[in-house]
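These notes concern the structure reproduced below.
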Amino acid sequence: MIVTLRTLVMLVGLAVVLMAEHPKPFLCVDQMEINSTAGALKNALFCGTSYNPRYRPVKYQQDRLAMYIGAEVINVEKVRNDDSKLEITLELLMQWYDAFLHWNKRSSGNIETINVSEQDLWTPTFAAKSFQKSPRIQSTKQCSRVKCHLSYDGEVIYTVLCTFTVDCYTEPRYWAFDTKICTLRIYSVEYDTNQLSLFHFQRRLSYPSYPLLPYKITSFQMATVNSTMSPEFRMDIVIERLIGSHLVVFLVLIVILCLLNLFSLWFNINSSARTITVVLGTVMQSLFLVILYWYGIVKMKPVISLAHLLLGSFSFGAIVCGWTYFVRGQMRPRKRFTHCPGTVAQTIGFLKKNRPLASFLSIGYLNEGSEVEKLSNEWDDTQAEQNAQTSDACERQQDDDMTSSGNEEECEIKWQEVVQPIDRILFCAMLTAYLLMFILYIF
């Protein structure tokens, strides 16, 4: 009994929803029983004439009915277990003139527009099919939220909300995005082009550009074709979405470029390998940076955070490139100032007082031969103590204003002796900065 009562309540609720969604057909009654001007007008239009909603609303059957049609995209969803199909919800808007349904608004209480049921007047029925080779044919009879507005001059505005399953094909040229091109044909199965002509509305579309997750509509073109046996209304819809695997690919490329920046510091500063890695990394990061910002601004917003991440890596690469060419200029034989500042030498001497840190700073370059190993062998513990003593002596001499030429030569340290430790310090600083950047991006 309880189950039966629940079922009855559900059926009643469904009936109420359907009644509220679709206007009731007008029932002809006696003129004395009508107590409103709109009711009297409908009674005169649908009951006082021989109007038949099954025939085209033209005075002569050989006349052609002109209809304007347009569409607005409401939603796009994927079809489960089928990546080649999409469910596209459209609001179809049609407009035509009914040759029999018009009235004098002055004698009808200045009523210009009335809402009528689709069963009271002639309405078209269209079939829908994908432009691809698909045997499935859909109909506009399954559409919902039907609205009909009839004006005093016979103009009919007819809107319906339809959901069609459309076959789409993937466009591989737009890599990094899942781009699909969907073409939908809406055509008449009852009338030919001699009886019905279609024209599309020339008005701005109001489909949402970004909230249609996970897809974004990038192109929506409409056209009417009246040269075939049946009048057609075609829609070409191009949608795209940025999928997670493509974001991972972008992230992997950024990681590779970051490693290239770090790896370049392990080549000798005067070698061609250092030049190739520094220049290649800077050029690739600059090009990739422009592409990412373009994708983020024009295409998809999630790429913007990756572009910011690459911007930080590009800044570090520019620092390494500038450091490399600055030191090369200082190490030229004809350069007047070939010695590094005393502060730099004092800092390195202080760091080398720590045995593990001194061992790390003394690690040689990857492309260092047997003839160029003095940086890794010279900066041993004894040399570190001598440099520390020399730095202390220089500080005392500076405090006492002793400026003898012999002592200046003794305190000066050339750039060749500090390049390798500075490269190791830069490596540690950049590695720490990269780790912080990626942690901030993830969290």
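What accessible area per residue, rounded to a whole number of Å², is obtained for the range 55-241 using a probe radius of 1.4 Å? Kindly include the intermediate steps, with their values, before the conclusion.
Details: 9670 Å² over 187 residues.
Per residue, the range 55-241 has 52 Å² of solvent-accessible surface.
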Extension gain GLU171-TRP294, at 0.36 nm per residue separation less the Cα-Cα distance, in nm? 42.3 nm
Between SER107 and GLN62, what length comes free when the chain is fully extended (0.36 nm per residue of separation minus the Cα-Cα distance, one decimal in nm)? 13.0 nm
Starting with the highest mean, order 73-79, 58-64 by the number of other Cβ atoms within 10 Å, averaged over the residues of each peptide. 73-79, 58-64
Excluding ligands and nucleic acids, what accessible area in Å² is computed for HIS308 using a 1.4 Å probe, to the nearest 10? 100 Å²
Sorting ASP153, ASP120 on solvent-accessible surface, 1.4 Å probe, most exposed first, gives ASP153, ASP120
Tensor-based shape of the range 55-241 (alpha-carbon gyration tensor, a/c under 1.5 rounded, otherwise prolate or oblate): prolate
What accessible area, in Å² to the nearest ten, does a 1.4 Å probe give for LEU436? 100 Å²
In the range 55-241 the accessible area split gives carbon plus sulfur, as whole percent at 1.4 Å, a share of 47 percent
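The values are calculated or read from the model by the stated rules, or taken from the named source; none is laboratory data. Since the structure is predicted, the reported quantities are computational estimates derived from the model, not experimental observations. Glycine gets a Cβ as well: all are built from the backbone with ideal geometry, and neighbour counts include every protein chain shown. Surface areas here come from the heavy atoms of the whole protein model, side chains and all, with no ligands, DNA or RNA. Shrake-Rupley method; radii C 1.70, N 1.55, O 1.52, S 1.80 Å.
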